[in-house]
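To keep things clear, I will list the structure first and then write my remarks on it.
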Amino acid sequence: MTTTVWIDGEISDAENARVHAVDHGITVGDGVFETCKVVKGIPFALTRHLVRLARSAATLGLATPDDADLRAAVDAALAAHARTNGPLAFGRLRITLTGGPGPLGSDRASGVRTLVVAVAPGRPWPARIAVATVPWTRNERSAIAGAKTTSYAENVVALEYAHRAGAHEAIFANTRGELCEGTGSNIFVAVDGALVTPPLTSGCLAGITRELLLEWAAKEGLPVEERALPLDVLRTAEDVVLTSSTRDVQPVAVADGRELRGGEMGAAAAELFARRAADGVDP
């Protein structure tokens, strides 16, 4: 798999791309990022992703480059990838902003931040997705709750736990025992005639696909809502979907080893998202 990388104006492949050895994004996870789906060479919902990047950066106190500069970097990375590898039918684009070179401690140095844009082909998710709940929690009162930061070690550990259980995604509760999110996805559960997703106050990420599904469902009268749910809802739920930028809206087939029947709500949400997303690349 070929990955093209743009770092502060320089194009390279992933093997030869370099950031500073004491970049704060590496030493202490002082950075934020966004991942966009790329379809036919164009990133989907880029405007919304850039807005969330700025929001996450503000949570960390990082200054965000101008919108025009970010878009120019994205365009340059996509163009370079196409020149080397041909048109990208389906892929991922990741934008990462870090605190730049800094001390080995938690203090941040003043100076230039590091901006990285990486582009790579993507693989479709399996048709049958399994999830597993994990014994760790999201801290909804964390200083970085809701921010998409490069501090992803707990996601790595949780995802490895899920993989050992034969699942594709790990599902967290928060400290109140409420359903929260996956390591890289939001979750919706059919409850009492509505498709329900945890509110942002649960500590979950404000996912772009989640945001679009809520907006489009409201416009078309599909009952999709935000409401706190106990983690235990997954013990009996039969209709569950995950949402993320690379999976769109995807029904869950297995939860903690239990086969789910699926249902009309999840199927309707997947159909709605696919139909509305086809209307334009930057909704």
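The values are calculated or read from the model by the stated rules, or taken from the named source; none is laboratory data. The model shown is predicted, which means the values in this text are computed figures rather than measured ones. For neighbour counting, all protein chains shown are included, and Cβ atoms are generated from backbone atoms with ideal geometry for every residue, glycine included. For accessibility, only protein heavy atoms count, side chains too; no ligands or nucleic acids. Shrake-Rupley method; radii C 1.70, N 1.55, O 1.52, S 1.80 Å.
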**Cα→Cβ-extended label distance, 7 Å offset, between Arg164 and Asp67, nm** = 4.6 nm
**Message:** Taking amide H atoms as placed 1.01 Å from N in the peptide plane, list the residues 5 or more away in sequence, or in a different chain, whose amide H sits under 5 Å from that of Leu195.
**Reply:** Val224, Glu225
**Complete:** Computed over the chain, the relative contact order (Cα-Cα under 8 Å, seq sep at least six) in percent reads 18 percent
**Request:** Any chance you could run the full-extension gain for Trp136 through Thr201? It's 0.36 nm times the residue separation minus the Cα-Cα distance, nm to one decimal.
**Result:** 21.6 nm
**Fill in**
The size of the Cβ-based charge dipole (Lys, Arg +1; Asp, Glu -1) of the stretch 141-258 about the Cα centre, to the nearest 20 debye, is 280 debye
**Asked** Modelled label-to-label distance, Arg258 and Val22, 7 Å Cα→beta-carbon offset: nm?
**Response** 5.2 nm
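What FRET efficiency do you get for Val39 and Ala143 if R0 is 45 Å and r is their Cβ-Cβ distance, rounded to the nearest 0.05?
0.80
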**Request:** Could you list which residues have their amide H under 5 Å from that of Arg138, counting only those 5 or more apart in sequence or on another chain, with H placed in the peptide plane?
**Result:** Ala173, Asn174, Thr175
**Lys/Arg +1, Asp/Glu -1 at C-beta; the chain dipole; positive extreme among Ile171, Ile42, His24** = Ile42
**Message:** Is there a quick way to get the dipole size of the chain? I mean about its Cα centre, with the Cβ of Lys and Arg at +1 and of Asp and Glu at -1; what is the value in debye to the nearest 20?
**Reply:** 240 debye
**Request:** Mind telling me which of Leu53, Leu93, Leu200 comes out most flexible in a GNM of the chain, alpha-carbon contacts under 10 Å?
**Result:** Leu200
**Item:** the chain, accessible surface, carbon-and-sulfur percent (1.4 angstrom probe)
**Value:** 54 percent
**Fill in**
Cα-based Debye curve of the stretch 100-195 sampled at q = 0.13, 0.15, 0.16, 0.17 Å⁻¹ gives log₁₀ I(q)/I(0) of -0.65, -0.82, -0.90, -0.97
**Item:** Cα coordinate range in the stretch 36-175, projected on the principal axes (Å, largest first)
**Value:** 43, 43, 26
**Prompt:** Scaled to the compact-protein estimate 2.2 N^0.38 Å, what is the alpha-carbon radius of gyration of the stretch 172-283, rounded to two decimal places?
**Reply:** 0.99
**Message:** Give me P(r) over the chain, computed from all C-alpha to C-alpha distances, binned every 5 Å, as integer percentages.
**Reply:** 1, 6, 12, 16, 18, 17, 14, 9, 5, 2, 0
**Request:** Determine the gain in length on full extension of the stretch Asp107-Val51; use 0.36 nm per residue of separation and subtract their C-alpha separation, reporting nm with one decimal.
**Result:** 17.5 nm
**Asked** Using a 1.4 Å probe, how large is the accessible area of Asp107, given in Å² and rounded to the nearest 10?
**Response** 120 Å²
**Fill in**
The ³J(HN,Hα) series, computed from each phi in the stretch 55-72 with the Karplus coefficients 6.51, -1.76 and 1.60 at θ = phi - 60°, rounded to the nearest Hz and given as x for glycine or proline, is 5, 5, 4, 5, 4, 8, x, 9, 6, 9, x, 4, 4, 4, 5, 5, 5, 5
**Item:** Per residue value of the accessible surface for the stretch 17-145 (all protein chains in place, 1.4 Å probe), Å²
**Value:** 49 Å²
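Test of understanding: express the Cα radius of gyration of the stretch 244-283 as a ratio to 2.2 N^0.38 Å, with N the residue count.
1.39
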**Request:** Please list the radius of gyration and Dmax for the stretch 7-87, considering alpha-carbon atoms only, with Å as the unit.
**Result:** 13.8, 38
**Selected from Glu154, Glu15, Glu140 as most flexible by GNM, with the chain as the system and alpha-carbon contacts under 10 Å** = Glu15
**Complete:** For the stretch 132-141, in residue order, the Karplus 3J(HN,Hα) values (coefficients 6.51, -1.76, 1.60; θ = phi - 60°; whole Hz; Gly and Pro = x) are 9, 6, 10, x, 9, 10, 7, 9, 5, 9
